[in-house]
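*Asks:* Structure in structure tokens, see below.
The values are calculated or read from the model by the stated rules, or taken from the named source; none is laboratory data. The structure displayed is predicted, hence computed values, not measured ones. Cβ atoms come from the backbone with ideal geometry, glycine included; neighbour counts cover every protein chain shown. Side chains included, ligands, DNA and RNA excluded: accessible areas come from the protein's heavy atoms. Shrake-Rupley method; radii C 1.70, N 1.55, O 1.52, S 1.80 Å.
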Amino acid sequence: MYEIGFIGCGNMGSAMLAGIVAHGVASPERIVVSARTQATLDAIGARFGVRTTLDNTQACQASVVFLAVKPQMYDAVIDEIAPFLNDECVLVSIAPGKTLAWLAERSGARKVVRLMPNTPAAVGEGMTAVVPGELCSQDDLDKICAIVDSFGASEVIPEHLMDAASAAAGCSPAFVYMFIEAMADAAVLEGMPRDQAYRFAAQAVAGSARMVLESGMHPGALKDAVCSPGGTTIEGVRALENRGMRAAVMEALAATVAKARRL
């Protein structure tokens with residue numbers, strides 16, 4: 001029996017797998033991955049050294065099984081694998097909109113967990129919400145969190161906050177990338193080479209995030225510390241406020257929540 005199984009291994013699955021293998025959470029020979037094409041499996045096998053198979057049911061022969069296929073494929077894949085899930089297997093969903101109740105009823109699995117990882121997991125800086133089902137033991141939860149922490153950070157939350165977590169961490173990297181791109185465009189407008197502009201903007205965002213996480217200070221207080229009286233930064237803050245930056249960000253995240261609830 002394997003320790004970890006992945007059914008599907010696209011961008012998110014690969015990001016998660018990279019952290020798992022790099023941190024030795026499970027040895028490659030104790031991990032099995034299934035996918036629809038042999039080309040995908042060849043690439044995954046060559047990169048990570050894990051076991052691979054075209055048969056999704058083979059990936060169920062693990063103590064923890066990640067459903068890493070697209071949400072629209074969940075029904076078909078669960079119907080296929082349900083007869084092969086044993087009572088002690090922990091079935092883990094990474095899809096938005098699929099509740100614990102739906103997952104348990106559809107799959108027949110006793111132990112189910114919802115995760116909402118994000119793409120920075122690919123560089124070991126993911127932020128993942130974890131929602132365990134009521135039949136999961138503390139050992140099951142510890143095992144899942146150890147896996148998740150191998151590619152970033154995790155927090156256990158109640159299920160009713162899952163859509164909020166998805167907005168705040170799962171979808172927001174796209175918005176942050178847009179912000180970095182816009183800042184770089186402004187630097188290019190002032191004559192900075194584009195590659196250099198991206199480095200300046202991206203490192204500024206990375207450093208600012210680290211300040212929030214490590215200083216314990218309120219983001220507003222950190223912002224105030226940069227805004228000298230009558231200075232350049234407060235002038236930029238005024239321009240952002242005039243154009244509704246905060247409202248736009250809040251509306252964007254609220255839109256992602258509304259979409260998740262329709263899935």
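*Asks:* Across region 83-100, in residue order, what do the Karplus-derived ³J(HN,Hα) couplings come to in whole Hz, using 6.51 cos²θ - 1.76 cosθ + 1.60 with θ = phi - 60° and x for Gly and Pro?
*Replies:* These are the phi-based 3J(HN,Hα) values: x, 9, 8, 8, 5, 8, 5, 9, 8, 10, 9, 10, 9, x, x, 9, 6, 4 Hz.
*Asks:* Hey, can you find the accessible area per residue of region 67-201 for me, probe 1.4 Å, expressed in square angstrom? Before the final figure, lay out the partial values.
*Replies:* Details: 6700 Å² over 135 residues.
Result: 50 Å² per residue.
*Asks:* Under the rule of at least 5 residues apart or a separate chain, name every residue whose amide H is placed under 5 Å from the amide H of Val33.
*Replies:* Amide H to amide H, under 5 Å and 5 or more residues apart or across chains, Val33 pairs with Phe6, Arg51, Thr52, Thr53.
*Asks:* Further, regarding this structure: Along region 235-240, what does the Karplus equation 6.51 cos²θ - 1.76 cosθ + 1.60 (θ = phi - 60°) give for ³J(HN,Hα), rounded to whole Hz, x for Gly and Pro?
*Replies:* 5, x, 4, 4, 5, 5
*Asks:* At what distance in nm do the modelled label points of Gln196 and Ala258 sit from each other, each positioned 7 Å from its Cα along Cα→Cβ?
*Replies:* Here the modelled spin labels are 4.3 nm apart.
*Asks:* Specify the residue with the greatest mean-square fluctuation among Asp79, Asp87, Asp224, computed from a Gaussian network of the chain linking alpha-carbon atoms under 10 Å apart.
*Replies:* Fluctuation is largest for Asp224.
*Asks:* What do the square roots of 5 times the Cα gyration tensor eigenvalues come to for region 1-149, in whole Å, largest first, as semi-axes of the equivalent ellipsoid? Walk me through the intermediate numbers first.
*Replies:* On the way: eigenvalues 84, 62, 42 Å².
Over the Cα atoms of region 1-149, the ellipsoid semi-axes are 20, 18, 15 Å.
*Asks:* Could you work out the relative contact order of the chain, using alpha carbon pairs under 8 angstrom and six or more residues apart, expressed as a whole percent?
*Replies:* Working: 401 pairs, mean separation 38.9, N = 263.
Answer for the chain is 15 percent.
*Asks:* Additional query: Need one number: the % of Cα-Cα pairs in region 112-263 sitting beyond the 21 Å mark. Provide the component values of the computation, followed by the final result.
*Replies:* Numbers: 6598 of 11476 pairs.
That fraction is 57 percent.
*Asks:* A further question on this structure: Tell me, what HN-Hα J-couplings in whole Hz come from the Karplus equation 6.51 cos²θ - 1.76 cosθ + 1.60 at θ = phi - 60° for each residue of region 23-33, using x for Gly and Pro?
*Replies:* Karplus values, whole Hz, x for Gly and Pro: 9, x, 4, 8, 6, x, 6, 9, 10, 10, 10.
*Asks:* Considering amide H positions built from the backbone, and no H for Pro or chain starts, which residues 5 or more places from Val156, or on another chain, come under 5 Å of its amide H?
*Replies:* It is Val130, by chain and number.
*Asks:* Could you work out how much longer the chain between Gln203 and Ala174 gets when fully extended? Use 0.36 nm per residue separation minus the Cα distance between them, nm to one decimal.
*Replies:* On the way: separation 29, 0.36 × 29 = 10.44 nm, distance 1.64 nm.
So the chain would gain 8.8 nm between Gln203 and Ala174.
*Asks:* A further question on this structure: Run through all the Cα pairs of the chain and give the fraction in each 5 Å bin from 0, expressed as whole percent.
*Replies:* 1, 6, 11, 15, 17, 14, 11, 9, 7, 5, 3, 1, 0, 0
*Asks:* Which value, in debye to the nearest 20, gives the size of the charge dipole of region 110-263 about its Cα centre, when Lys and Arg are +1 and Asp and Glu are -1 at the Cβ? Could the numbers behind the result be given before it?
*Replies:* Numbers: 14 positive and 18 negative charges, 76 e Å.
Charge dipole of region 110-263: 360 debye, to the nearest 20.
*Asks:* Also: How many nm separate the modelled label positions at Ala43 and Glu88, each set 7 Å beyond the Cα in the direction of the Cβ?
*Replies:* For the pair Ala43/Glu88, the computed spacing is 3.6 nm.
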